[in-house]
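Read through the structure below, which is laid out as structure tokens, and then see the notes.
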Amino acid sequence: MSIDPAVGLLVPVLMPLLAVALLGGRARALGAGLLVVAPLTALAALALGGEVLHLPWLLLDTRLAADPIGQAVLLFAAPVAAAALLFAVAGQRHTGATPGLLTALAATVAALMGVLLAADLATFYFAYAAMTLAAYPLVVHFRTPEAFRAGRVYLGMAVLAEAAVLAAVLLIAAEGGNAALTEVPALVAEHAYRGVLVALIGVGFAVKAGVVPLHAWLALAHPAAPVPASALLSALLVKAALVAWWRLLPIGEVALPAAGGLLVAAGLASSLYASVVGVTQRRAKTVLAYSTVSQMGLMTAFTGTALLQPALAGVALTGVALFALHHGLAKGALFLGCGLHGRHRGAYLLLPALALVGVPATSGALAKAAGKQLSTEAVGAPAEPLLLLASALTAVLMVRFLLLAWRGDGARDPLAQRGAVLALVALSLSLPWLLAAGVAPDWVGYAWRPAVLLDALLPALAGGAVAAVLFGLAGAERLPRIPEGDWIKPALLAGVRLGRTSRRAWRRLPARPPAPSLAVVARLGAAVEGRLIALAMAGALFLLLVLGIALLGVLAGG
């Protein structure tokens, strides 16, 4: 009996869970090895692009496949997840990584693979909800007050987002049942409540994407979580929101100027706002968290261009995939690099930081050149200066990060951890160029034009000059102190104060009149009951009268 090759789509989902089961027994070394290798099995799904695995006995006829956006994200999700797991496993002896952390990492990776390989609505929603919940133990792993506060904010915002997503899924399912994800954009485009659906999908996944002002959880969770968990959150989990938008929104089906314009405006505003706030932060991982919000803002804006002009959907998908590939690899390397302790830690961080800035010859220059070309074509000339400003602010942000994270405490790091970081650095510098050479060679040539190279260099130089003034001449300590999560802490404090004020006002109210005696209450209840019975009897008689008249009409008509 031949085995369906599509069964291979189950391997990246199940293998991390199998590896965790082995960690608790005598085959601990085998389990650790399988855990590191498990995400890389997802690369085999790239060769199964046309295969669909049907599991009619699971959920509502589960289907797994690798669609174009899923394949693009798998291309960097596999190495980033493998590097993060290797970093955690290699650091068990040195950083005290517990089996609980490895279990949470494995569950999150398995759920993420389910999100990327899901081919029907029910499986996609189930995997996305499982990924959201599996990430909570990563945020609260250290069990400090800071970690629990970040966990509460993360879980609270995640539950609100899930409510919006669930409402959208139920509305879609009411029309098409457990539809294939390839059919969902058309269903949404033709739905009677299309505007409501687009709003629910947009807002529900904007929380995970970190769009301002729904980004607060990200700035709190990243510095509180262990380094491998932060790498997964920032490099991969936020990209799941992009996958959701591209699978569920009616991109390429119908023009939605209002929704597209709102996404473009929200994305650009997020990019600029997060960069400004991130410069004021005092911890390297927090600066990286705001950098993620900024870069996700650009990807949100590029997604909005596809809603503005459906004809650009294919080009926009390629641009977003290329940007996500560049950012995922670079951000994974930066977060794992923050976990190194050697004195030369900055050497591991420099190249991916320059890539995020978009310095010429880096993958960031390619991604931002493609984004600039796409945005100019969809939005027009106003997009260009905003993108240049975003690049300059990213340069300031990366200078701030490097100043905070450059030098470690001198402890020697395990070779496997250093190798994991170096592997991601090498991939971040090469893989986006190789992918672009295959799918969009025109963009490669465009990125190497002298004028485009100059456009990439000028924001980097301008940002470096501003950073020299801010952190050198003026001194970083003179910058305003904006709390991590910016608006969330003042909002929580305002809620606490409002509650205290309300309690004090309640206590100052005059004494209430004495409650009526039980006899009075009984008489009042009997009177109300009598009126309700009379009303019910009147209603029943009226209903009988209507039925009688209707019966007479039927007999007369007959």
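Nothing in this text is a laboratory measurement; each read-out follows from the coordinates by a stated rule. These figures come from a predicted structure and were not determined experimentally. Note: ideal-geometry Cβ built from the backbone for every residue, glycine included; neighbour counts use all protein chains shown.
The figures follow:
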{"quantity": "Folded to 0 to 90 degrees: helix 145-176 orientation relative to the chain principal axis, Cα", "calculated": "60"}
{"quantity": "Prolate/oblate/rounded label for segment 382-463 (Cα gyration tensor, a/c 1.5)", "calculated": "oblate"}
{"quantity": "Relative contact order, percent, the chain [alpha-carbon distance under 8 Å, six or more residues apart]", "calculated": "12"}
{"quantity": "Val203 versus Arg500: modelled label distance in nm, points set 7 Å from Cα along the beta carbon direction", "calculated": "3.2"}
{"quantity": "Estimated FRET transfer efficiency (Thr376, Val196; beta-carbon r; R0 35 Å; 0.05)", "calculated": "0.65"}
{"quantity": "Cross-link partners of Lys239 among lysines (Cα-Cα below 19 Å; sequence separation of 8 or more within a chain)", "calculated": "Lys208, Lys285, Lys331, Lys368"}
{"quantity": "Partners for Lys372 among aspartates and glutamates (Cα-Cα distance below 15 Å; same-chain residues under 8 apart left out)", "calculated": "Glu384, Asp442, Asp455"}
{"quantity": "Gap separating the Cα centres of segment 39-54 and segment 114-169, nearest whole Å", "calculated": "25"}
{"quantity": "Under-5 Å amide H pairs with Asp120, H placed in peptide plane, nonlocal only", "calculated": "Arg63, Leu181"}
{"quantity": "FRET efficiency, 1/(1 + (r/R0)^6) with R0 45 Å, evaluated for Arg407 and Ala29 via beta carbons", "calculated": "0.85"}
{"quantity": "Translational D in µm²/s for the chain (Stokes-Einstein at 10 °C, 1.306 mPa s, Kirkwood Rh from C-alpha pairs)", "calculated": "62"}
